[in-house]
1. Rounded to the nearest 20 debye, what is the charge dipole size of the chain about its Cα centre when +1 sits on each Lys and Arg Cβ and -1 on each Asp and Glu Cβ?
2. Ranked highest first by the average count of other Cβ atoms within 10 Å around their residues, in what order do 44-50, 1-7 fall?
3. Pick from 14, 36, 70: which is most flexible by mean-square fluctuation in a GNM of the chain where alpha carbon atoms under 10 Å apart are linked?
4. Per the Kirkwood definition applied to all pairs of different Cα atoms, how many angstroms is the hydrodynamic radius of the chain?
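Computed from the coordinates by the stated procedures, all read-outs in this text should not be read as laboratory data. In this text the structure is predicted, and so the values were computed from the model without any measurement. Because the Cβ atoms are built from the backbone with ideal geometry, glycine has one as well, and the counts that use them run over all protein chains shown.
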Amino acid sequence: MFCTQCGQSLEANLNFCPRCGTSLNGATPRASKKLLRPLKDNWIAGVCNGFAQYFAIDVTVVRLAWLATLLLAGTGLLAYLICWFVIPRESLA
Ligand SMILES: [Zn+2]
């Protein structure tokens, strides 16, 4: 098969053209993700929840990892506070 956009010959199992990124086989390109602090289901400020959504992993894993850094080196608290200020709140819209 060929890319409809740039004419590159492609393997049939590809979902996206490696040359120009055009979606093939009706695949939709992944929407650009934003790191946000969600409004719901937060312990403190939603920093762990935001990272969990961004990386599509369990929020508990993020919290455990964060607690580990907190207990081992004490840097987790500072990192949390920085993220709290830097990462924007999810909008209500
Ligand atoms: Zn292409």
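1. Working: 8 positive and 4 negative charges, 41 e Å.
Dipole magnitude for the chain comes out near 200 debye.
2. On the way: 44-50: 20.4, 1-7: 12.7.
In descending order of packing, they fall as 44-50, 1-7.
3. It is 14.
4. On the way: mean 1/r = 0.0627 Å⁻¹.
Taking the inverse mean of 1/r over all distinct Cα pairs, the chain comes out at 16.0 Å.
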